[in-house]
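In what follows, a structure is listed as structure tokens, so that the remarks can point back to it.
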Amino acid sequence: RLMAASKSSGRLRLSSPFLSTALCIVVCAAVMACAVRYVNLSGWTLYFGDAEAHLNIARRVVDSRTPGWYQIGTVWLPLPHLLMIPFVRDDRMWTTGLGGAIPAAICMTLAAVFLFAALRRLFGALPAAAGAAVFLLNPNTLYMGSIPMTEPVFFACLSALLYFTVRFGATGGWGALLGASVAALAGTWTRYEGWILLPFVALYFLSRRRVAAAVVFSVIASVGPALWLLHNRWYFGDALYFYNGPYSALAIQGNVAYPGRGNWRQAVQYFFAAGALVAGWPGLIAGGVGLAAACARKALWPVLLLVLPAAFYVLSVHSSGVPIYVPTLWPFSFYNTRYAMAFLPLIALGVAAVSGMWKYAAPVAFLVAMSSFLLHPLARPITWQESDMNSRARRAWTNGAAEFLKANVHPGEGILTVFGDMTGIYRTAGIPLRDTLTGNNIIQWAEVTTHPEFLLHEEWAVITSGDPIQTMLDRMRRGVRIKSGPRYELWQRIMVKDAPVVEIYRRGPDRLAPDRLPDEDSIQ
């Protein structure tokens, strides 16, 4: 009941569930707003290469030689990019990364609010507050919720699905059913672990002896995977192109062995090692004890639902070419540590379950679960460490190339390049993507690369040493296979340790290159 009539005065008053939810919204929104501001002012918003890519995919839908739906791509699901589009249309929002950070923060706020609402129905307001706080105040949550990544959107979908299914279990209402269906549909358009949830949620409705509800849920939620399969079939000729195409995780990883591939024990070991770095061992232990308490209190469905994403990641490490590297285990590096954030909703559920058992349990459970971070308040979260460590070289050559282009390239001159990490150069330099020609402009790209002697008109070319564009430029310069056409001269070479060499060419031969050799001004 959201509002109740006061019999004595005839006035309307707000009931405590409404007030507690409203307060939760305000507090969570304020926390995430502060986190976004801090991360952006610190320059960390686009440290993750994936964050840069998500932002630029959203931008190219509206800013490209060939804008439109096709630019959504194939491997990454579309909802996070669609949420960014209204923001990244603005040049400042795009160049600063805020166009991707703001929708991520909104989604992380919704994730905490829906989690609180679900836990309140299960265990009460104070235990729910303790559980939601453990989730939101984790430094990894604050960081990942402040950058353009898919995790905040998925957490919002997962928490909404938890809330509406719990609500359906209590009320059996069609509103809760539709809410769960829409939340599941959104999850299937956010991350692939959302797909694995569908049969389990359908079985949950069946377990409530509601066949009609299971059918309605299945029809609505399955629209997401069906449309994505159709998208891949229509644009790329293969419904499973996202899974077995050249940009899939399987293709990128190839047959290279890594810890956990084909080994269940190692897959679990590395996932839990990442979980210990994301949540701390006290948090994992508190969560484990709490989950046992939740099961004892008959909260079996929430436990199962929140366990499924974690199980999906273990399966992915074992069978889908998705490694997790942590600095505490060989090869002692950082990769995909953010997947262990799947532990956080489980820990929140466990903390809430324990908090409802006795009067002072909520603050104690919160302090225990957060003790790793409270004892080391200045330590950087593991997800930030991964993004910083793995982006140092990329940031160096991105900034170096962007400085050169900003000083030398004029609007409309055109740049022949590739989409991917290189796109960060143009965002940093403030060069619109419509001024670049890449493989995502399929027809123009095919025409230019097939007949560059007739159709290549770009003033500049920005490439990595040894890529197909450099091969084409070299052939034109030497007259190999291509007897006529423009000649491009090397104007700048940017070299960074442990990174590909970035080369910037300008159309010639009537233009003179700078007097100094290109490598004299390289970034070392």
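The values are calculated or read from the model by the stated rules, or taken from the named source; none is laboratory data. Not measured: the values here are computed from a predicted model. Methodologically, a virtual Cβ is constructed for each residue, glycine included, from the backbone with ideal geometry; neighbour enumeration extends over all protein chains shown. SASA here: full protein model, heavy atoms, side chains in, ligands and nucleic acids out. Shrake-Rupley method; radii C 1.70, N 1.55, O 1.52, S 1.80 Å.
Worth a mention:
- Residue count for the range 436-485, restricted to those that are free of Cβ contacts under 8 Å to residues at least 40 places away in the same chain and surrounded by fewer than 21 Cβ atoms within 10 Å (Cβ to Cβ): 28
- Scan of the range 344-361 for residues that are within 14 Å of A129 (Cβ to Cβ) and among the β-branched types (V, I, T), ordered by number: V351, V354
- One residue stands out in the range 349-358 among those that are among the aliphatic types (A, V, I, L, M) and either in a loop (DSSP other than H, G, I, E, B) or over 10 Å from L306 (Cα atoms) (or both): the one that is most open to solvent (accessible area, probe 1.4 Å), namely M357.
- Considering the range 426-435, and only residues there that are in contact (Cβ under 8 Å) with a residue 60 or more places away in the chain and part of a helix (DSSP H, G or I), the residue that is surrounded by the most Cβ atoms within 10 Å (Cβ to Cβ) turns out to be L433.
- Tally of residues being open to solvent by 50 Å² or more (accessible area, probe 1.4 Å), at pLDDT 95 or above and small (G, A, S) across the range 239-259: 0
- Selected residue (only one of E386, E413 is of a type in the set (D, E, K, R), over 20 Å from the mean Cα position of the chain (by Cα) and either buried (at least 19 other Cβ atoms within 10 Å of the Cβ) or not in a helix (DSSP H, G or I) (or both)): E413
- Meets criteria (surrounded by 12 or more Cβ atoms within 10 Å (Cβ to Cβ) and either over 27 Å from R167 (Cα atoms) or touching a residue at least 60 places away in the same chain (Cβ under 8 Å) (or both)) for F236: yes
- Counted residues, the range 186-221 - those being under 19 Å from L306 (Cβ atoms) and outside any loop (DSSP other than H, G, I, E, B): 19
- Test for P282: is it more than 27 Å from W228 (Cβ to Cβ), not hydroxyl-bearing (S, T, Y) and not in a helix (DSSP H, G or I): no
- Qualifying residue in the range 61-70 (condition: assigned to a helix (DSSP H, G or I) and open to solvent by less than 10 Å² (accessible area, probe 1.4 Å)): no
- Applying the criterion of being surrounded by 22 or more Cβ atoms within 10 Å (Cβ to Cβ) and not hydrophobic (A, V, I, L, M, F, W, C) to the residues of the range 262-311, the residue that is farthest from V134 (Cα to Cα) is Y270.
- Restricting attention to the range 319-333 and to residues that are modelled with pLDDT of 95 or more and open to solvent by 30 Å² or more (accessible area, probe 1.4 Å), the residue that is nearest to the chain's Cα centre (by Cα) turns out to be Y325.
Listed here are the residues, each with its yes/no results for (1) crowded, with 22+ Cβ neighbours inside 10 Å; (2) farther than 28 Å from L378 by Cβ; (3) not basic (K, R).
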position: A101; (1), (2), (3): yes, no, yes
position: A118; (1), (2), (3): yes, yes, yes
position: A128; (1), (2), (3): yes, yes, yes
position: L137; (1), (2), (3): no, no, yes
position: L178; (1), (2), (3): no, yes, yes
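- Note on the range 285-344: residues that are farther than 22 Å from F114 by Cα, assigned to a loop (DSSP other than H, G, I, E, B) and not polar (S, T, N, Q) amount to 11.
- V314 among the hydrophobic types (A, V, I, L, M, F, W, C), within 29 Å of S248 (Cβ to Cβ), crowded, with 24+ Cβ neighbours inside 10 Å and touching a residue at least 24 places away in the same chain (Cβ under 8 Å): no
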